[in-house]
Amino acid sequence: MRIEETARHALKPALAKAAGLSKRYVQRAPFSYKSFVIDALVDVEFDIAPASLTALVGESGSGKSTLARCLAMLEKADRGEIWFEGKEVSRSSDRELKALRPKIQMVFQDSAGALNPGFTAAQIIAEPLEVQRRESGARLHSRACELMEEVGLSPNWADRRPLEFSGGQRQRLAIARAIALKPAFLILDESVSGLDLSTQAQILNLLLDLQKAHSLTYLLISHDLGLVGQIADFVAVMQQGKIVEQGPRREVFANPRHHHTRELLASVRLLRSNFRTAQAGGR
Amino acid sequence: MRKKQKIVAALMLLVALHLAILLAGFIAPYNPATQNRDFPFVPPTRFHFADARGHFHLRPFIYQWTVRPEGFNEYEEARGREYPVQFFVRGPEYTIAGLVRSDVHLFGVEGPARIFLAGSDGFGRDQFSRIMYGGQISLAAGLLATGISLFLGLLVGCISGFYGSWIDESAMRLVELFLVLPWLYLLLAVRSFLPLHISPTQTFFLLVAVIGTIGWARPARLVRGIVLSAKGRKYVTASRGFGATDSYILRRHVLPHTYGVLLTQAALLVPQYIVAEVTLSFLGLGVSEPVSSWGNLLANLQQYNVLASYWWMFAPALALVIISLGYLKVANAIHERLQSDSI
Amino acid sequence: MKYLERRVIHGLLLLIGVSILCFALSAAAPGNFFDEMKLNPQISPSTVAGLRARYGFDQPLVWRYGHWVESVLRGEWGYSFAYNCPVRSLLLVRARNTLILTGLATLLAWLIAVPLGVWTANRRGRWDDRLSMASTSLLLSVPELVIALVLLYWAVRIHTLPVGGMASVDFGGLGVQAKLFDLALHLVVPVTTLVLASLPLLVRHIRASMIEVLQAPFVQAARAHGIGGARLLFRYALPAAANPLSSLLGLSVGALLSGSLLVEVITGWPGLGPLLLDAALARDIYVVVGAVMASTLFMIFGGILADILLVAVDPRVRLGKV
Ligand SMILES: Nc1ncnc2c1ncn2[C@@H]1O[C@H](COP(=O)(O)OP(=O)(O)OP(=O)(O)O)[C@@H](O)[C@H]1O
Ligand SMILES: [Mg+2]
């Protein structure tokens, strides 16, 4: 099964690929001339098989979100290449970018911040359609309502503002917006962390359903190795701006090569066992 | 709740004042330019309810002023005949906003008596009518100049905040320059570079342009700050991800945040600019006779004898203060509202 | 001190900026400058022709600006067409008179505003605070122009105050004491106007800053230690509000200068205001530029003075935290 799976993906060329990607942030403290640099990405080599779910894990501040933003071309890397559907795209013109953007969509880590608080739910979901001139007028609204239903939100709430929704509902709103343009590649930055377990499960099921329906490719960013262990086809591990390990999930989980991966896995197991003993002790 | 009532009251006062000044022709009993050489510096008319025979009248009436025989520009009431105050009377023809022609006035008295609510000036012109008509000039100047300032401020602030880099840097230096200069000095300086002897209409628009251009700096700086913080929001990045253009982002995500500041600034700037127009006209650099504005009405007081003897020549100042007070109240209310919103 | 040096350089740059702005504006103005001047009976046609040649009004703006800078460096500050003399000789006396007026007004306004603002902040919401807020908001909507006119009317009525100017006719023959008294009498109306006009904003700002400080933990702690009353307000809380207040001082000088221009014109105080107004009416461009530069200089000095006071009160600034 595992070999089959690997082989299936290996036959096709990567949908998205990063080669030698580097990004450095220079930050200046206020009222001071001193500045310091943060190497958020260091020579990142990374590829994503089509119609797969790749999980990107790593400790906080390891550069996951930065990599995601670079892949979504929301930020320019300092060096390196980004390939999408067999083309180098990191130096695309505005025109090429406009054609490319609908194919790559991203759901942001901070769902409250990524939704304009002044917009209604329907306006939020309709924004990509409006921008890309896919629909207009009344069709825009009805399409937005369809999308709300698709992610399990009642269209009755179309006129509510984002702050009236709960965290999980906002997450769905953000996902509905991201799939509005029917992208080929969807990046989900911590879209399920911070939610309660049943909501997590609902959203994951939703994502898997969507994948079946639209043959999506996912990049799922997460802290949570336990969760990743259940649904990912591939796993990539980041540490301090580098991808330190990458491969099919079972392989990585069963036989971690990099010590950082081992540490991460060990900490998950430790947590689980602690949790069990705590439960046992409580009983 | 009480706060809300206050805002509503202030707003209603402002609307009523503006409406009254817009309808100057209807509210003012006389043509502001009509002179009565026999009645220079007549004091405000007094209203009476009880006549000389001790009869009480429900409808107030007035007496005509006559020159006191021994005095100079001193008047007394001619008690011989009562002139009841009438409403919706026919009088000199006027147009409102250049559209509606009419000759019906809100109030008036039968001739030959004249009703001088705020006295008359040195040419015997009715000062109340002059204040109403002058208000049109002063308010229009304030509103138009505010429009110019806000437009320029919005333009510069948006470009500066949105595109940043050297544009921002140089625009903000220019803002600093304009903010550091005492505005009246700058106003006079700019005015002095412009031609002096031009038609009143030209003067008016030049004045508006000058006042409006000088005040662009503060709104520009405020708008820039808001644009800067708005464009750093995650939802703007998200919008870029859908392929949104700069103009779309500005229009949909950035501009709506500036409305609050623009509104507060407007409420602060309008009275300031009205005062600026009044000041310039007072100094003889603005709108000049025969067109009246609150500034050149007040300029009468520059003559020592007028200042010393005819207190009613201060009436335009009262109008100015009431308008300023109304705007100030509204500005405060909007400001408080915005602050409570942001918390 | 590094900090002050930077301020002075910044001020110089501002001055240069203002002068360039003035010249640019004068060039952008429509109509020929000298055509208007010919209409002015104060200036003879030969003077106009001579000046035209001398100041190179056919030359490009940059040339004129260079010429003016040169004359500034020579200490002339350009040439007055109307008065037929270098601008500097006009400016010096006038600037001194404006300085007397605005300096005194600033001092008085702050001496009244600080205790009032501190006191009302401490009494927030009580009857005296409400009264002060109500009266400042009323005063805020009375323009200087009106205040000056009303005060002048009052002076006319009570007959004991002079109604304008800076000195009585017999000023030359008076002794030193009598001279000072005479000057003080003449100062009453303009200074009161300026103080009344600038007071409301000052009180409100001081009150707002103080309210913020009074809520700070260290003030609460001082209260808990039993420090209270005036000592708490003036020794503990007020210095903590020094930073916003010093920038307020800088700004208030600017507002006061604008107000002063008008008040000077109305009360006949021979300061920069009437000079600028006459120059504006006579289109005496270098006097206009000179007066604007002088007012800018006052603003910059006001700012620097505010900074020096701030450094004296708040040692954090000295350590380069701002
Ligand atoms: N816009 C930015 N400006 C400056 N530094 C940044 C910026 N964005 C990210 N960084 C820095 O780059 C590094 C990587 O950040 P990134 O957000 O990619 O981490 P992450 O792996 O997503 O962390 P988390 O799991 O907490 O979301 C961090 O040290 C962060 O401080
Ligand atoms: Mg992240």
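The values are calculated or read from the model by the stated rules, or taken from the named source; none is laboratory data. In this text, all values refer to a predicted model and were calculated from it rather than measured experimentally. With ideal geometry, Cβ positions are generated from the backbone for all residues, glycine too; neighbour counts draw on all protein chains shown.
The residues listed here are A:Ser65, A:Ser60; of these, the one that is part of a loop (DSSP other than H, G, I, E, B), modelled with pLDDT of 85 or more and within 12 Å of ligand 1 (Cβ to nearest atom) is A:Ser60.
Within segment C:254-267, which residues are more than 7 Å from every other protein chain (Cβ to nearest Cβ) and crowded, with 24+ Cβ neighbours inside 10 Å? Reasoning before the result, please.
First, the residues of segment C:254-267 that are more than 7 Å from every other protein chain (Cβ to nearest Cβ): C:255-256, C:259-260, C:263-264, C:266-267.
If the condition is that a residue be more than 7 Å from every other protein chain (Cβ to nearest Cβ) and crowded, with 24+ Cβ neighbours inside 10 Å, then C:Leu256, C:Gly259, C:Ser260, C:Val263, C:Glu264, C:Ile266, C:Thr267 are the ones that fit.
Has segment B:124-145 got any residue that is crowded, with 18+ Cβ neighbours inside 10 Å and either of a type in the set (Asp, Glu) or facing chain C (nearest Cβ under 8 Å) (or both)? Yes: segment B:124-145 contains one or more residues that are crowded, with 18+ Cβ neighbours inside 10 Å and either of a type in the set (Asp, Glu) or facing chain C (nearest Cβ under 8 Å) (or both).
Where helices (runs of 4 or more DSSP H) sit wholly within segment C:33-141, those with at least 2 residues that are modelled with pLDDT of 85 or more and farther than 24 Å from C:Val213 by Cα occupy C:61-73, C:87-122, C:127-140. Of the listed requirements (1) farther than 19 Å from A:Ala180 by Cα; (2) surrounded by fewer than 18 Cβ atoms within 10 Å (Cβ to Cβ); (3) within 16 Å of ligand 2 (Cβ to nearest atom), A:Gly63 misses just one: (2).
Taken over segment C:165-182, the criterion of being surrounded by fewer than 15 Cβ atoms within 10 Å (Cβ to Cβ) and under 26 Å from the mean Cα position of the chain (by Cα) is satisfied by C:Gly165, C:Leu180, C:Phe181. In contact (Cβ under 8 Å) with a residue 24 or more places away in the chain, surrounded by 19 or more Cβ atoms within 10 Å (Cβ to Cβ) and either away from ligand 2 (no atom under 16 Å from the Cβ) or not aliphatic (A, V, I, L, M) (or both): does that describe A:Arg161? Against the criterion (in contact (Cβ under 8 Å) with a residue 24 or more places away in the chain, surrounded by 19 or more Cβ atoms within 10 Å (Cβ to Cβ) and either away from ligand 2 (no atom under 16 Å from the Cβ) or not aliphatic (A, V, I, L, M) (or both)), A:Arg161 does not qualify.
Screening A:Ala72 against (1) closer than 22 Å to A:Leu225 by Cα; (2) surrounded by 16 or more Cβ atoms within 10 Å (Cβ to Cβ); (3) modelled with pLDDT of 85 or more leaves a single unmet condition, (1).
Restricting to segment C:142-175, name every residue that is of a type in the set (Val, Ile, Thr) and outside any helix (DSSP H, G or I). Step through it out loud before you land on a result.
First pass over segment C:142-175, keeping only residues of a type in the set (Val, Ile, Thr): C:142, C:146-147, C:150, C:156, C:158, C:160, C:163, C:169.
Those that are of a type in the set (Val, Ile, Thr) and outside any helix (DSSP H, G or I): C:Val142, C:Thr160, C:Val163, C:Val169.
One residue stands out among those in segment A:94-118 that are more than 19 Å from the chain's Cα centre (by Cα) and part of a helix (DSSP H, G or I): the one that is nearest to ligand 2 (Cβ to nearest atom), which is A:Leu97. Under the condition of being within 15 Å of ligand 1 (Cβ to nearest atom) and either in contact (Cβ under 8 Å) with a residue 24 or more places away in the chain or assigned to a strand (DSSP E or B) (or both), the residues counted in segment A:19-41 number 15. Exactly one residue out of C:Pro239, C:Pro270, C:Pro274, C:Pro217 is within 20 Å of C:Leu101 (Cα to Cα) and more than 14 Å from chain B (Cβ to nearest Cβ): that is C:Pro270. Looking at segment B:284-322, which of its residues are hydrophobic (A, V, I, L, M, F, W, C), touching a residue at least 24 places away in the same chain (Cβ under 8 Å) and facing another protein chain (nearest Cβ under 9 Å)? Within segment B:284-322, B:Leu285, B:Leu320, B:Ile322 meet the criteria. So, of the residues in segment A:66-93 that are away from ligand 2 (no atom under 16 Å from the Cβ) and basic (Lys, Arg), which turns out to be nearest to the chain's Cα centre (by Cα)? Taking the candidates together, the pick is A:Lys76.
Residue by residue, here is whether (1) more than 10 Å from chain B (Cβ to nearest Cβ); (2) out of contact with any strand residue (DSSP E or B) (no Cβ under 8 Å at 6 or more places or on another chain) holds:
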residue: A:Ser60; (1), (2): yes, yes
residue: A:Cys70; (1), (2): yes, no
residue: A:Ile82; (1), (2): yes, no
residue: A:Gly118; (1), (2): no, yes
residue: A:Ala122; (1), (2): yes, yes
residue: A:Ala126; (1), (2): yes, yes
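Only a single criterion out of (1) assigned to a helix (DSSP H, G or I); (2) in contact with a Ser or Thr (Cβ under 9 Å, 6 or more places away or on another chain); (3) over 20 Å from C:Ala134 (Cα atoms) is not satisfied by B:Gly326, namely (3). Would you mention how many residues in segment A:74-104 are within 16 Å of ligand 1 (Cβ to nearest atom) and of a type in the set (Gly, Ala, Ser)? The number of residues fulfilling the criteria is 2. Restricting A:Val44, A:Val107 to residues that are within 16 Å of ligand 1 (Cβ to nearest atom), touching a residue at least 24 places away in the same chain (Cβ under 8 Å) and within 12 Å of chain B (Cβ to nearest Cβ) narrows the list to A:Val107. Determine, yes or no, whether B:Leu206 is surrounded by fewer than 20 Cβ atoms within 10 Å (Cβ to Cβ) and either touching a strand residue (DSSP E or B) at 6+ places or on another chain (Cβ under 8 Å) or touching a residue at least 24 places away in the same chain (Cβ under 8 Å) (or both). So B:Leu206 fails the test.
Only one entry in C:Leu201, C:Leu187 is in contact (Cβ under 8 Å) with a residue 24 or more places away in the chain, away from chain B (no Cβ under 11 Å), closer than 21 Å to B:Ile322 by Cβ and part of a helix (DSSP H, G or I), namely C:Leu201. The set of residues in segment B:217-230 being surrounded by fewer than 20 Cβ atoms within 10 Å (Cβ to Cβ) and within 14 Å of chain A (Cβ to nearest Cβ) consists of B:Ser229 alone. Restricting the first member to segment A:61-75 and to residues that are free of Cβ contacts under 8 Å to residues at least 24 places away in the same chain, and the second to residues that are part of a helix (DSSP H, G or I) and more than 8 Å from ligand 1 (Cβ to nearest atom), no beta-carbon pair is closer than 8 Å while six or more apart or on different chains. Counting the residues of segment A:169-190 that are outside any helix (DSSP H, G or I), away from ligand 1 (no atom under 16 Å from the Cβ) and not hydrophobic (A, V, I, L, M, F, W, C) gives 2. Taking the criterion of being within 16 Å of ligand 2 (Cβ to nearest atom), touching a helix residue (DSSP H, G or I) at 6+ places or on another chain (Cβ under 7 Å) and either at pLDDT below 80 or not β-branched (Val, Ile, Thr) (or both), the residues of segment A:229-263 that qualify are A:Met238, A:Gln239. Scanning segment C:285-302 for residues that are more than 8 Å from chain B (Cβ to nearest Cβ), farther than 25 Å from C:Ser246 by Cβ and touching a Ser or Thr at 6+ places or on another chain (Cβ under 7 Å) gives C:Tyr286, C:Val287.
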